[in-house]
Amino acid sequence: MKHALLAVALTLSGCTAVMPTAKQHFDLEAHRGGRGLAPENTLAAFSNAIDLGVTTLELDIGLTADGVVVISHDTSLNPDHTRDANGAWLAPKSGAAIRSLTLAQLQTYDVGRLNPASDYGKQFALQQPRDGERIPTLAALFAQVQARGANAATVRFNIETKIDPNKPNETAAPEPMVRALLAEIDKAKMADRVTIQSFNWRTLALVGQLAPQLPRAYLSTARTLKDSRWTAGLDAAGFASVPKMVKAAAGTTPGAVIWSPAYADLTPAVIKEAQRLGMKVLPWTVNQRADMLRLMDWGADGLITDYPDVLRDLIRERGLSLPPPGKATS
Ligand code: G3P
Ligand code: CA
């Protein structure tokens, strides 16, 4: 009954109510769709992650020149995994800003394979290429997931707004980006399956104002914590710990608050401190078995990894509940 009243109140205030879910699982997040296995941030990667069975698809977004929300980690086309319409690799540092291209222009580029000559490409030897993959729209990902029906009915989305204060001309400003993102989420009726994450805490403050029910994940790393342009004006020197700083940034909005630090910044004590403050702790990007096991021992609430298959095996070995695979695995 209390939940029903809350739902009515939130609906009247223009928000979609997010009801508590039944059992919370260890959050197995496929970073960029699981870039260790399939081309990053592509529909092929997200589909592969769903087939494997993950809790959450981690992804990054930007806006095109014509205002479409697209899935890309980089604010400019990345020559390490981008070929032009003739099949030629982009020359180093030649990639146009996503923001400067229309969706139609953007989709002339192929992002289905790593450039084997690049240092970046050499890092992911197990990645299976899928030639022809395009930078997808967020709407296309939502449609793909919805089209899978029961095979992807529970998968969540951890969506990162990529806005770099050092490159203001390469991206939309925080407010148009957040508004466009929220509109897509609303259109697809995905509000109860989405977390918004960012190193740019100003965008999270906007999410808190415009959609206070949505979970927000505060990303942190040493570089961004010491620059208040990333932390919505907060000065780390004024806080005894990063969890306390995140708590101050998050304020009192009702949506869940997650702290998502670089995994090497964690200790058992700081994980417990964050959890005592009411946050979940979700480190990135954890790719080695030993690191995964250690962070699980320390009580992390989930992990973001390029290798969701490896983490899945560890979750199984530990007897924790596993997200269902989208199709039978043999
Ligand atoms: O989810 C956090 C993680 O994705 C941040 O790193 O650079 O891969 O977006 P990045
Ligand atoms: Ca990301």
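By how many nm would the segment from residue 88 to residue 264 grow when fully extended, if each residue of separation counts as 0.36 nm and the alpha-carbon distance is taken off?
Numbers: separation 176, 0.36 × 176 = 63.36 nm, distance 3.72 nm.
Extra length from residue 88 to residue 264 when fully extended: 59.6 nm.
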(request) Hand me the tally of lysine pairs in the chain: alpha carbons under 19 angstrom apart, and the pair either on different chains or 8 or more positions apart. (result) 13
(request) Report the label-to-label distance for residue 118 and residue 144 in nanometres (one decimal), using points 7 Å from each Cα along the Cα→Cβ vector. (result) 1.9 nm
(message) Full-extension gain between residue 131 and residue 226, please, as 0.36 nm times their residue separation minus the C-alpha to C-alpha distance.
(response) 30.2 nm
(request) Return the calculated 222 nm mean residue ellipticity for the chain, to the nearest 500 deg cm²/dmol, obtained by summing -39500 (n - 2.57) across DSSP H runs with n ≥ 4 and dividing by the residue count. (result) -9000 deg cm²/dmol
(message) Probe radius 1.4 Å, ligands and nucleic acids ignored: give me the carbon and sulfur share of the accessible area of the chain as a rounded percent.
(response) 55 percent
(message) In Å², and per residue, what accessible area does the chain have when probed at 1.4 Å with the other protein chains present?
(response) 45 Å²
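Only bridges whose two residues both fall in the chain count here: according to DSSP, what percent of them are antiparallel, nearest 5? Write down the numbers at each step before the final one.
Details: 7 of 34 bridges.
Bridges in the chain are about 20 percent antiparallel.
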(message) Within the chain, which whole H helices from DSSP have a Cα span along their axis of at least 18 Å and a mean Kyte-Doolittle hydropathy of -1.0 or more, if any?
(response) 174-187
(request) Give the shape of the range 159-235 as rounded, prolate or oblate, defined through the alpha-carbon gyration tensor: a ≥ b ≥ c are the square roots of its eigenvalues, a/c under 1.5 means rounded, and otherwise the shape is prolate if a/b is larger than b/c and oblate if not. (result) prolate
(message) Let's test the formula: R0 of 45 Å, r as the Cβ-Cβ distance of residue 153 and residue 276. What FRET efficiency results, to the nearest 0.05?
(response) 0.85
(message) What does the net charge come to around residue 140 if you take all other residues with beta carbon closer than 12 Å to its beta carbon, with K and R at +1 and D and E at -1?
(response) -1
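Over the range 161-262, what is the relative contact order in percent, taking alpha-carbon pairs closer than 8 angstrom and at least six residues apart?
Numbers: 144 pairs, mean separation 27.1, N = 102.
Answer for the range 161-262 is 27 percent.
Classify the chain as rounded, prolate or oblate from the Cα gyration tensor: take a ≥ b ≥ c as the square roots of its eigenvalues, call it rounded if a/c is under 1.5, otherwise prolate when a/b beats b/c and oblate if not. Write out the running numbers ahead of the final one.
Values: a/c = 1.32, a/b = 1.21, b/c = 1.09.
In terms of gyration-tensor shape, rounded.
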(message) Charges at C-beta only: +1 for Lys and Arg, -1 for Asp and Glu. How large is the resulting dipole of the range 21-317 about its Cα centre, in Debye rounded to 20?
(response) 500 debye
(request) Could you list the trypsin sites (Lys or Arg not before Pro) in the range 102-207 that lie in coil according to DSSP, counting only those with at most 13 other Cβ atoms within 10 Å of their Cβ? (result) 189
(message) Taking 8 Å as the Cα distance limit and 6 or more residues as the minimum spacing, I'd like the relative contact order of the range 21-317 as a percentage.
(response) 19 percent
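The values are calculated or read from the model by the stated rules, or taken from the named source; none is laboratory data. On a predicted model such as this, the values are computed, not experimentally measured, just so you know. Quick reminder, even Gly has a Cβ in these numbers, built from the backbone with ideal geometry, and neighbours come from all protein chains shown. Surface accessibility is based on the protein's heavy atoms, side chains included, excluding ligands, DNA and RNA. Shrake-Rupley method; radii C 1.70, N 1.55, O 1.52, S 1.80 Å.
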